[in-house]
Amino acid sequence: MEDNEIISMCKQGNKETFGLLVKKYQTSILSFTWSILKDKEKARDVTQESFIQAYRNLDIIDPSKSFKNWLFTIASNKSLDHLRKDKSILRTVQNFMGYKKSLSYQNNMDRSVIEYGGKLNNLLDKLNERERIFLHLKIQEGYTSPEIAEIFNCAESTVRVYLMNARKKLQKYFKETGNEVSVA
């Protein structure tokens, strides 16, 4: 069943059919939010919040647009909101405690590195938020540059620049560590 058919059924009162969309996209959205937040529980929360927001706003979705892109836009915005909130809290704690780097933050990062595979996590930390998000969408989810541009409401050239910068950073990292490989 196509996404638009499911959405139409939901709008006609058959709300249970939304579960089909959740089942279809849950793994992709969770993987996406996890790659941004680097915290399994927060990623689960943001994934759930994203589906709830999508469900509550089914009436405003444009049937000519992709539901999947719309859902990824919601998940991206919610993930970035959580990151901003966490950074704000971290800065407040750091200022209060007088530390340049919060010990609890460092412990969380250490756990994150161990939990998700240190090499990959360290590698992705070389990228800024947009580079990491765009790269994830391109490689993990198979989105094209125009589709990513649609999700983030930006120019396709902007997406290509972020992807190119991410590629260059990763290539530089590999070269510096003596692991020269080609980054797609």
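The numbers here are math on the coordinates, done by the rules we state, and not lab data. Predicted model only: the values in this text are computed from it and were never measured. Cβ sites come from the backbone with ideal geometry, for glycine too, and all protein chains shown count toward neighbours.
Details
- Counting 0.36 nm for each residue step from ARG84 to ILE139 and taking away their Cα separation leaves a gain of 17.3 nm.
- Principal axis box of the range 126-184, alpha-carbon based, largest edge first, Å: 37, 17, 16
- Calculated FRET value between MET164 and ARG56, using beta carbons and R₀ = 45 Å, to 0.05: 0.75
- Other residues lying with their Cβ under 9 Å from the Cβ of LYS169 contribute a combined charge of +3, Lys and Arg counting +1, Asp and Glu -1.
- Cut-off 16 Å (backbone N to label point 7 Å along Cα→Cβ of LYS65), residues of the range 127-146: 146
- For LYS68, net neighbour charge (Lys/Arg +1, Asp/Glu -1) across residues whose Cβ lies under 12 Å away: -3
- 16 Å cut-off, amide nitrogen to a point 7 angstrom out along GLU5 Cα→Cβ, residues in the range 32-68: 67
- Each Lys or Arg adds one and each Asp or Glu takes one away; over the other residues whose Cβ falls under 14 Å from the Cβ of GLN53, this sums to -2.
- Once the chain from GLU16 to LYS172 is taken as fully extended at 0.36 nm per residue, the excess over their C-alpha distance is 51.2 nm.
- Here the Karplus relation 6.51 cos²θ - 1.76 cosθ + 1.60, evaluated at θ = phi - 60°, turns the backbone of the range 158-170 into coupling constants of 4, 4, 4, 5, 4, 5, 5, 4, 4, 4, 4, 4, 5 Hz, with x for every Gly and Pro.
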